[in-house]
Amino acid sequence: MTKPQLWNLYETYAEAWKLVSNEERENALAQVIDDSIQYLTPEFQGSREAILNDMESFRKKFPGAHFAVEDMSSHHDVALFTWALVLADGTIPAKGHDSLLLSPEGKIVSITTFPPSGPKPLS
């Protein structure tokens, strides 16, 4: 998969977080998510259903917000994306990362989300 194709794949995923109806989100995910998807965030773990539950929770917690894709690093079948949480008023309160694993067919089989990083812990 070329870097532009990979970028478009992830942007399609990120755009799904903007969609209001569950049906629209499911249709968007069907384009980019493999049926065997494994999803892991600090709050959610599971398959496609976990992603949809996370999206619904996000819509309630941050009405009108979305994720902007900032940068990407990739090799072989692994990619790391930086995202920014953009609130409805345009402010960006947080940035984090998603690590993806891709199938040979070019769909996402694993998403691990890392929230904003923090400073070095004190002893």
Meets criteria (among the aromatic types (Phe, Trp, Tyr) and part of a helix (DSSP H, G or I)) for residue 58: yes
Residue 12 being under 17 Å from residue 101 (Cβ atoms), open to solvent by 10 Å² or more (accessible area, probe 1.4 Å), β-branched (Val, Ile, Thr) and free of Cβ contacts under 8 Å to residues at least 60 places away in the same chain: yes
Every residue from the stretch 31-52 that is out of contact with any strand residue (DSSP E or B) (no Cβ under 8 Å at 6 or more places or on another chain) and open to solvent by 50 Å² or more (accessible area, probe 1.4 Å): 31, 35, 43, 49
Test: residue in the stretch 54-67 that is open to solvent by 50 Å² or more (accessible area, probe 1.4 Å) and under 19 Å from residue 107 (Cα atoms): no
Any chance residue 72 is closer than 17 Å to residue 11 by Cα and part of a strand (DSSP E or B): yes
Residue match in the stretch 77-85 (condition: more than 22 Å from residue 9 (Cβ to Cβ) and either part of a strand (DSSP E or B) or open to solvent by 20 Å² or more (accessible area, probe 1.4 Å) (or both)): no
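The values are calculated or read from the model by the stated rules, or taken from the named source; none is laboratory data. Only a predicted model underlies this, so the values are computations on that prediction, with no experimental measurement involved. A quick note on method: Cβ atoms are made from the backbone with ideal geometry, for glycine too, and the neighbour counts reach across all protein chains shown. Ligands, DNA and RNA are stripped out before the accessible areas are found, and what is left, the full protein with its side chains, is counted by its heavy atoms. Shrake-Rupley method; radii C 1.70, N 1.55, O 1.52, S 1.80 Å.
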